Structures are given as structure tokens and as C-alpha cells.
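Following: one structure in C-alpha cells, then a few remarks.
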């Protein structure tokens, strides 16, 4: 798992991406499975006495060939757009 935001987000929404981390997928020549995690901000608030519900959605799968052909900036934009669309819909 790679988190292109580079840190945890203690609120809702997305933080700015650090696209350099996407070079790992390009060099490994593997597909990228894009996920959004909803409800993670509740964990810190509820821990350790109350349970939290976290929802993971697969928003896109980018084939290895496309991952390799895009620049890290283009790949980051594609991933971020997919994640933002999913977060707005749900």
C-alpha cells in the first residue's frame, strides 16, 4: 500500500499528493488499484473505547501499461480525480 498524501489526514477530503511515490509502481511495472477510505478520521476520536466503521471503495484499476506510459504527475492527477469523484458521490 502506498499513500500518495504522505501522511494521515485527520479530517475529511484529500491532502495534496506527493507524486514521486508513484515511481514505485512504474518501476515495478504493476497495475495501480485506487482505493478511498472513508471514516478513518473517526478512529482517533473513538479509540480505544468505541468502535469505528471504515469503508474502503475500489474506485479504479489502472493497468500496468498505462501506469508506465503516464508521467507521475499525470498518474497522480488520474488517481486523485478518481478518489475525489468517489468521495463526492458517497
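We did not get these values from a lab; they are worked out from the coordinates using the rules stated. The shown structure was predicted, so the numbers you read here are calculated from the model rather than taken from an experiment. Neighbour counts run over all protein chains shown; Cβ positions are idealised from the backbone, glycine included.
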If you go through the stretch 32-57 one residue at a time, how many are touching a helix residue (DSSP H, G or I) at 6+ places or on another chain (Cβ under 9 Å) and under 19 Å from residue 90 (Cβ atoms)? 8
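When only residues in the stretch 36-54 that are outside any helix (DSSP H, G or I) and in contact (Cβ under 8 Å) with a residue 24 or more places away in the chain count, which is nearest to the chain's Cα centre (by Cα)?
That would be 36.
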Within the stretch 15-31, considering residues that are part of a loop (DSSP other than H, G, I, E, B) and touching a helix residue (DSSP H, G or I) at 6+ places or on another chain (Cβ under 6 Å), the one nearest to residue 83 (Cα to Cα): 17
Condition met for residue 58 (part of a loop (DSSP other than H, G, I, E, B), in contact (Cβ under 8 Å) with a residue 12 or more places away in the chain and loosely packed, with under 15 Cβ neighbours inside 10 Å): no
I'd like the full set of residues that are assigned to a helix (DSSP H, G or I) and either exposed (fewer than 14 other Cβ atoms within 10 Å of the Cβ) or without any contact (Cβ under 8 Å) to a residue 12 or more places away in the chain (or both), limited to the stretch 61-89. 65, 66, 69, 73, 74, 77, 81, 85, 88, 89
